[in-house]
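In what follows, a single structure is set out as structure tokens and then discussed.
The values are calculated or read from the model by the stated rules, or taken from the named source; none is laboratory data. Bear in mind that the values here come from a model prediction, so they are computed numbers and not experimental data. Cβ placement follows ideal geometry from the backbone for every residue including glycine, while neighbour counts extend to all protein chains displayed.
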Amino acid sequence: MGKQKQQVISRFFAPKPKSPPPPPPPPPKISATVTFSPAKRRLTSNFTTSRKHPKLSPHTQNPVPPSLHQRFLQKLLEPSTPQQHPASSSKPPTYTPLEQQVLDLKAKHPDVLLMVEVGYKYRFFGQDAEHASRVLGIYAHMDHNFLTASIPTFRLNVHVRRLVTAGYKVGVVKQTETAAIKAHGSNRSAPFERGLSALYTKATLEAAPDLGGAEDGCGGESNYLLCVVEKSVLDEKGGVDARIGIVAVEISTGDVVFGEFCDGFLRSALEAVVLNLSPAELLLGDPLSKQTEKLLLDFAGPASNVRVERFSRDCFIDGGALAEVMTLYENMHIDSPSDSILSNDLTENRSQKLIIKEVMNMPDLAVQALALTIRHLKEFGFERILCSGASIRPFSSNTEMTLSANALQQLEVLKNNSDGSEIGSLLQIMNRTLTIFGSRLLRHWVSHPLCDQTLISARLHAVSEIAQSMGSCNSVKNLVRVEEDPDVAIVQPELAYTLSLVLTTLGRAPDIQRGITRIFHCTATPSEFVAVIQAILSAGKQLQQLNIGEGNNNTLRPNLLKKLILTASSDSVIGNAAKMLSSLNIDSADLGDLTKLIIASEGQFPEVIRAREAFKLAVEKLDSMIDFYRKRLGMKNLEFISISGTTHLIELSTDVKVPSNWVKVNSTKKTIRYHPPEVLTALDKLSLAKEELTVACRAAWNSFLTEFSKHYAEFQAAVQALAALDCLHSLAILSRNKGYVCPVFVDDHEPVQIQISSGRHPVLETTLQDNFVPNDTNMHADGEYCQIVTGPNMGGKSCYIRQVALIVIMAQVGSFVPASSAKLHVLDRIYTRMGASDSIQQGRSTFLEELSETSHILNSCTEHSLVIIDELGRGTSTHDGMAIAHATLHYLLKQKRSMVLFVTHYPKIASLATEFPGSVAAYHVSHLISHDASKNSNLDHDVTYLYKLVPGVSERSFGFKVAQLAQLPSHCISRAIVMASKLEALVNSRIHGRSTKELLLDTLVIGQEKEQLMAQSLDRPHKEFDMAYKDFYLNLKAATQDDDWAKSFHLLEHARSIAKKLIGRSMQYV
């Protein structure tokens, strides 16, 4: 032993051979990108750092060693393998089986960012790893042939949402076989089979499997998929306009919107569609015009993360779109299951016929957009939502007013103009909903006010009934009087309480509208299914307690409210919901245990029963083996134990001898735990039986969800009824605000009118409360239908005209309004032209934006429209702007006769009141002025704004007070005041000079005819007078035409001297 140690020590002190010097390190790579090409692997670097002398420390002559961070970065940026010699660089790489699988999947889905399941991780490869590393902030490194990164499986939900929010189309690749099934298969030595199991984008995320319905979802926001196609048309004037077809699908709620319309050069109608729907994805049907494409791509800018995909529609030129759509509907009807636990074939056939009829009546371009949408959704497996027909509606109809993009933005209907949030908008003031799906419907109501008097009255009656049932509503005059309508009965006192209880419960439950759509798509989890169906069942049973059946002696009249309650609590929905829940084990659904979820029978899901019996037999056989080992080992109390997830272990003391073929699993100081070979075989069979049971139960669960599709339409109708009840309940809560009144609408045959007493701005009132100054509005088609509003800056002009428009919108939504009384005529549109902004990206200046919007108003408004124009013409010179404003208003008054609110700083515009007496009136926002007589400065005017609209024209705008409030430098303001005084004096002098010259022309009328008469009266021989007469005439004519007073006076003096000389010479001849 000592000799061996001695040998070791002697070897340690023996002289060592000189080792060759290490090769110089390669220059570090700053960035390396690995391509995904299967032919070869390329490393491309943006640049390499140049070799520099090592940095020296001031305290030593040795180079400063690199820091740990610098060494880490150098190691990180180095390639994973040394660079090959150029002669051998053409050798193709050798891929692992996993890498080959990834390459095959990437070839099938080149535009998808793939997340590949490998064990307990999801891995990214190649460029996908690079994108994921940047977005998710995870580490990427080289592994074999590709750059790779990974995340744990339990974080799939979080990371998929982050990638989708960044604008990627994300695909999840899962193992399609388990370890137990693979061990008993013929390809046990091959790698696991993998396939694309789910595909996610922003529009499909909430409906997709594994991820939708999460608490961190999009909530009340909509994620529409908007498909746009276009056809150029030539109008009569030779300008190129477009006919546009759209289809928008909210896949998570089942809402399908279609439309076709003509649009002008500015694509204002298409912009209104985009702002209303706020799509998360765009499908563009090529070809598109530059104007359409520019508007859509500007909306889908880098900051928006809106995904854009393109499809060619060349195959639809000969009418192939309708054939493709009808093929889908026919296939869906054929593939629908004939046997159902909830059979309702007659209703389904009737619904199918209605869907086909509705599709046949769609415009051609809308059908093309529908066909492209179907092609796109087939990739995700969501095309069935287009065949349900539960909520297919046109974007605009005869019963709704579609607010333009300008009206939505300039009136701040859906969002404020400060930060783009909902706070401070009309929607935020009106939204008192208790459910997410009710909030979405109210957004549609606010952006699409009704223009049918019957529908508006129905909503107002329903709101009044709910508000009256709340007990502490406003005075009786704010409600629909019983004596005015004999059909009105005293409402039930428990109505408001029941609605509030139902809606509050639904607000705490999952989003049932998205939930039933996820059930329709077969992507809902068992717990989600139970929660959604239980919420609908509970709401229906509670509403049935109101006893509003057709044959019951109820106190509600047959109106909108009764119809909605009956739809939400129909016997069919409640019965089907109860039957479906009775087929499930609720406790297993909460635990997510598919094997015990479905209550199967021989008539329903017999394969589940067989799989359960096989699994039960495998368990019993394994448990019975303990008796054999008790006898063999002579231990009567021997039992199987489980340690750390490993089951059916036999624990023995260390001194017990066991057969050599027993497998030792683990041990302690005193005991050893074994798996006998018979137990291992039985465990393999048990694992296989469990996997087969899981597969059978999953297939049965998918079949169970598929059966729900037959009743999706009636469940969707019930949810929409609950959403409408939530909106009416929200409006009823709003009606209880102080000073809110129920508007009264005149009949359609009566003249258009807007009569508002003590109207208030609904948004600003919430901030100012009692300090807000109300104003009256009295406009009538047979009387004063145009108001020209002037007044000082910041005096409240724009607030007043916005107030009128917002009150009209609220009234036609079916809401009470902030006023003491409101008598209105139903308007067809509201047009606005307010503010000043340019569109640099679209190549339009501020003034072009003004005139383009004005042109759209002049071409589209009718006598039933409300037109609001604020300071038209300020984007150009004063004379041009005033002329255009004057001509625009004159055209509206003469040709259109719309209800017009016209704000201007040009006092000359008010002269139209004399041209249209009785139809046009000038108003201004009142104010008080106190002036310090000891000082002569425009800034010494102390202006007090009264914010009250009074007749007359305002003389001043007090712009310098605004400049002072804006804290412009005092020197700048003083200079501006001096310049304003000079300009005002110059204008006054020109006005005075023109009046003097007009008087001179009246007394000395010297025209061409007068000149000829004077020449004939003179003696022809006296030629010397000709030049003098000509000079006199030219000077006098120039003096009357020149605007410069000093020059005109000089010319008159010169003409006077010539006249004196002519008179003197004439006297000599006399």
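Annotations
- Residue selected from the stretch 795-822 under the condition among the small types (Gly, Ala, Ser) and part of a helix (DSSP H, G or I), by the criterion farthest from Leu411 (Cα to Cα): Ala811
- Filter result (part of a helix (DSSP H, G or I) and buried (at least 18 other Cβ atoms within 10 Å of the Cβ)) within the stretch 564-585: Leu564, Ile565, Leu566, Thr567, Ala568, Val573, Ile574, Asn576, Ala577, Met580
- Pick from the stretch 285-325, criterion among the aliphatic types (A, V, I, L, M) and under 17 Å from Asp364 (Cβ atoms), ranking: surrounded by the most Cβ atoms within 10 Å (Cβ to Cβ): Ala321
- Tally, over the stretch 633-684, of residues that are surrounded by 11 or more Cβ atoms within 10 Å (Cβ to Cβ) and free of Cβ contacts under 8 Å to residues at least 12 places away in the same chain: 2
- Residues satisfying the stated conditions in the stretch 930-949, i.e. more than 41 Å from the chain's Cα centre (by Cα) and either in a helix (DSSP H, G or I) or at pLDDT 75 or above (or both): Asn938, Leu939, Asp940, Thr944
- The stretch 788-800: number of residues that are buried (at least 23 other Cβ atoms within 10 Å of the Cβ) and either closer than 30 Å to Ala732 by Cα or out of contact with any helix residue (DSSP H, G or I) (no Cβ under 6 Å at 6 or more places or on another chain) (or both): 6
- When the stretch 768-785 is filtered for residues that are surrounded by 14 or more Cβ atoms within 10 Å (Cβ to Cβ) and outside any loop (DSSP other than H, G, I, E, B), the ones remaining, listed by number, are Asn775, Asp776, Thr777, Asn778, Met779, His780.
This table checks each residue for (1) under 21 Å from Glu784 (Cβ atoms); (2) under 29 Å from the mean Cα position of the chain (by Cα); (3) crowded, with 20+ Cβ neighbours inside 10 Å.
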| position | (1), (2), (3) |
| --- | --- |
| Ser821 | yes, no, no |
| Gly835 | no, yes, no |
| Thr846 | no, yes, no |
| Ile869 | yes, yes, yes |
| Gly875 | no, no, no |
| His879 | no, no, no |
| Ile884 | no, no, no |
| Leu892 | yes, no, yes |
| Thr904 | yes, no, yes |
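- Yes/no for Asp111 being of a type in the set (Asp, Glu) and out of contact with any strand residue (DSSP E or B) (no Cβ under 8 Å at 6 or more places or on another chain): yes
- Cβ pairs under 6 Å, 6+ apart, first in the stretch 288-311 and more than 14 Å from Leu266 (Cβ to Cβ), second among the small types (Gly, Ala, Ser): Asn305/Gly167; Val306/Ala300; Arg307/Gly167; Val308/Ala300; Phe311/Gly285
- Failed condition for Val619, given (1) under 45 Å from the mean Cα position of the chain (by Cα); (2) over 30 Å from Ile385 (Cα atoms); (3) not polar (S, T, N, Q): (1)
- Residue within the stretch 192-209 that is modelled with pLDDT of 60 or more, among the aliphatic types (A, V, I, L, M), under 30 Å from Leu683 (Cβ atoms) and in the same structural domain as Leu114 (by TED's automatic domain parsing) present: no
- Only one entry in Ser852, Ser815 is in the same structural domain as Val903 (by TED's automatic domain parsing), crowded, with 23+ Cβ neighbours inside 10 Å and among the polar types (S, T, N, Q), namely Ser815.
- Considering Glu293, Glu281, the condition of being within 28 Å of Asn702 (Cβ to Cβ) and at pLDDT 85 or above is satisfied by Glu281 alone.
- Residues in the stretch 342-383 that are in contact with a helix residue (DSSP H, G or I) (Cβ under 7 Å, 6 or more places away or on another chain) and at pLDDT below 80 were compared, and the one that is nearest to Ala242 (Cα to Cα) is Val359.
- Note on the stretch 906-929: among residues that are outside any strand (DSSP E or B) and in contact (Cβ under 8 Å) with a residue 60 or more places away in the chain, the one that is surrounded by the fewest Cβ atoms within 10 Å (Cβ to Cβ) is Gly918.
- Residue match in the stretch 410-431 (condition: among the hydroxyl-bearing types (Ser, Thr, Tyr) and at pLDDT below 90): yes
- Every condition in (1) surrounded by fewer than 19 Cβ atoms within 10 Å (Cβ to Cβ); (2) touching a Phe, Trp or Tyr at 6+ places or on another chain (Cβ under 7 Å) holds for Lys596 except the one numbered (2).
- Any hit, the stretch 227-241, residues being out of contact with any helix residue (DSSP H, G or I) (no Cβ under 7 Å at 6 or more places or on another chain) and at pLDDT 85 or above: no
- Taken together, Ala462, Ala467, Ala407 contain a single residue that is touching a Leu at 6+ places or on another chain (Cβ under 6 Å), crowded, with 22+ Cβ neighbours inside 10 Å and of a type outside the set (Lys, Arg), which is Ala462.
- Verdict on Ala718 being in contact with a helix residue (DSSP H, G or I) (Cβ under 9 Å, 6 or more places away or on another chain) and closer than 30 Å to Ile574 by Cβ: yes
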